[in-house]
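The values are calculated or read from the model by the stated rules, or taken from the named source; none is laboratory data. Note that the structure is predicted; figures quoted are calculated from it, not measured. Heads up, the Cβs are rebuilt from the backbone with ideal geometry, glycines too, and the neighbour counts pull from every protein chain shown.
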Amino acid sequence: MDLIKKAIAWGSRKSPWVIHFNAGACNGCDIEVVDALTPRFDLERAGVIKQGSPRHADVLIVTGAVTLQVRDRLVQIYEQMPSPKFVIAVGACACSGGIFNGCYCVSGGVNTVIPVDAYVPGCAVRPETLIAAVTKLLDKVEAQTAAADGQLPPGPEAEPTPAPAAAAITDQDGGERHGK
Ligand code: SF4
């Protein structure tokens, strides 16, 4: 791995810049994302900084089932992000379409439109769950970087993310949360 790629991988691991996109959420998950990023839960402790431009972002956080109205915009935002880039589907709607799955105006979960690296179920998600997902994603990035650099043999962390149900990070009470 050359020096520039190493520097990019190091920056992605140590201070990932995230962009948040509402693809059709009811705002419940969006409030929890903001909660995770602001001082009470303070995801910035892990070096995570919210960005306004996809051209500067490493991680795309998507909430809501993808409506047909924003589907092309979501693809456009994803394509504008530089590689390596990662996507986190936040909330039951983003993971699978949730209660809106099959609706005439909905494409489905985020993975029906763009590749997803981590799924965070819940309705709405808890900030702690989102923080755990970001931490696991960064561990996966580090393992992949180390494996590519020849420092470690590819371990289980470097394996591709399995199907949504198996990769799901559950709430502390073991399932989706309804209401507050
Ligand atoms: S998972 Fe629940 S809180 Fe989140 S966008 Fe869907 S309905 Fe709203």
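Looking across the stretch 41-65 at every residue that is without any contact (Cβ under 8 Å) to a residue 60 or more places away in the chain, over 17 Å from LEU138 (Cα atoms) and in a loop (DSSP other than H, G, I, E, B), the one that is nearest to the ligand (Cβ to nearest atom) is identified as GLY64. Residues that are surrounded by fewer than 23 Cβ atoms within 10 Å (Cβ to Cβ), in a helix (DSSP H, G or I) and of a type in the set (A, V, I, L, M) within the stretch 75-102 comprise VAL75, ILE77, ILE99, listed in sequence order. Going residue by residue through the stretch 83-98, is there one that turns out to be more than 14 Å from the chain's Cα centre (by Cα) and away from the ligand (no atom under 14 Å from the Cβ)? Looking through the stretch 83-98, at least one residue is more than 14 Å from the chain's Cα centre (by Cα) and away from the ligand (no atom under 14 Å from the Cβ). Checking VAL18 against (1) in a helix (DSSP H, G or I); (2) modelled with pLDDT of 90 or more; (3) more than 16 Å from the ligand (Cβ to nearest atom); (4) surrounded by 15 or more Cβ atoms within 10 Å (Cβ to Cβ), only one condition comes out false. Which one? For VAL18, the exception is condition (1). The set of residues in the stretch 109-139 that are within 13 Å of the ligand (Cβ to nearest atom), assigned to a strand (DSSP E or B) and not aromatic (Phe, Trp, Tyr) contains only VAL120. Filter the stretch 21-40 for residues that are in a helix (DSSP H, G or I) and either within 12 Å of the ligand (Cβ to nearest atom) or at pLDDT 95 or above (or both); which is surrounded by the most Cβ atoms within 10 Å (Cβ to Cβ)? Ranking the qualifying residues of the stretch 21-40, first place goes to CYS29.
Out of the residues in the stretch 99-108 that are touching a strand residue (DSSP E or B) at 6+ places or on another chain (Cβ under 8 Å) and hydrophobic (A, V, I, L, M, F, W, C), state the one that is nearest to the ligand (Cβ to nearest atom). Among residues in the stretch 99-108 that are touching a strand residue (DSSP E or B) at 6+ places or on another chain (Cβ under 8 Å) and hydrophobic (A, V, I, L, M, F, W, C), the one nearest to the ligand (Cβ to nearest atom) is PHE100.
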